[in-house]
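What follows draws every value from the coordinates through simple rules; no lab data is involved. For clarity, every value in this text was computed on a predicted model and none was experimentally measured. Ideal geometry is used to build each Cβ from the backbone, glycine not excepted, and the neighbour counts take in all protein chains shown.
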Amino acid sequence: MQQDVIIIGGSYAGMAAALQLLRARRRVTIIDEGIRRNRFASHSHGFLGQDGIDPSEIAATARAQLSKYPTLTWIDGRAEKASGKQDAFFVTTADGASFEGRRLLFATGVKDGLPQIEGLTERWGKSAFHCPYCHGYELNQGEIAVIAASPMSIHQAQLIPEWGKVTFFTNGAITLDAEGRADLVRRGVTIDETPVARLEGHADVVLTDGRRLPFAGLFVATRTTPSCDIAERFGCEIEETPMGLQIRATAAKETTIPGAYACGDVGRVPHSVSLAVGDGAWAGAQLHRSLVFG
């Protein structure tokens, strides 16, 4: 049976979009591989009503609530290919199943490109983060490291003194001009240009000169890319943002392919659970309007 909307990606944004459509009694199929971006974190913060909850619990509760709507079909699997056009889109999964829908929504999320620093991957989401609004408060105004990875790292170093005393490790990734250096010093940031050798312990930064500096936590500005290339292979235009690559979408969340939409981290910046949910809800409403008004 043709669905009204096929949603690729069943995390926070995809489920938020589905909820709007299901409450309009539309037929929705969600295809979800089950790999959330924040799966490394034990607690999610900054989402009203869910502050401090395990993100997997938030996702499980949302899925359970959606499952009560009879017009939902949930497919656990990986979407491999999208094709077709408005009112006749087709999505094929890794196991060869095919689904047809009038509209298509990419809510695939993004993946974080981490700099090659020994010990960073193991600490990601535990004591190393990208968003201070999500994780800064829990550091209790302690010593915080910001390790440069891109020009966005300067913005992090300027902002994060709100949450503690910051040491900014340029790590050969950026070069500060006189104005930028003066601004950081004015904000109370300690600048250390010695390269980082590795991370140890909870959030200890070991430098190439042998110093080992302990921190309550550390922040890195990752470069994000869509978690899979299904939208790009379909022909959706991809655009560059200060945080990385995302699917280009209008204010109504429609991509460069008519009838195909994008929301959540893959279709907006900046990123957080609450922003993804809001963006998904908006996309769901816009999809419904498209179905009603054409």
Highest-fluctuation residue, Pro226, Pro70, Pro214 considered, GNM on the chain with Cα pairs under 10 Å: Pro70
Degrees between helix 273-293 axis and first principal axis of the chain (Cα, 0 to 90, nearest 10): 20 degrees
Cysteines in the chain that, by Cβ-Cβ distance, have no pairing candidate under 4.7 Å: Cys228, Cys236, Cys263
Selection from Ala251, Phe219, Thr241 lying farthest towards where the dipole of region 194-258 points positive, charges on Cβ: Phe219
Whole-Hz couplings from phi, Karplus 6.51/-1.76/1.60, listed for region 47-55; x for Gly and Pro: 9, 3, x, 10, 5, x, 8, 4, x
Vicinal HN-Hα couplings computed from phi for region 114-125 (Karplus, 6.51 cos²θ - 1.76 cosθ + 1.60; Hz; Gly/Pro x): 8, x, 7, 10, 4, x, 6, 4, 5, 9, 5, x
Separation of the Thr71 and Thr190 label points, Cα + 7 Å toward Cβ, nm: 5.9 nm
Difference of contour (0.36 nm per residue) and Cα-Cα distance, Glu57 to Glu239: 62.3 nm
Hydrodynamic radius (Kirkwood) for region 115-220, which is based on Cα pairs only, to one decimal in Å: 13.5 Å
Most fluctuating residue given options Tyr12, Tyr261, Tyr137, as computed from a GNM of the chain linking Cα atoms under 10 Å: Tyr137
32 Å Cα-Cα threshold exceeded, pairs from Lys81/Lys126; Lys165/Lys253; Lys85/Lys111: Lys81/Lys126; Lys165/Lys253
Value of Rg/Rh across the chain [Cα atoms, Kirkwood radius]: 1.03
Total formal charge among the other residues, if their Cβ is under 11 angstrom from that of Arg26, Lys/Arg +1 and Asp/Glu -1: +4
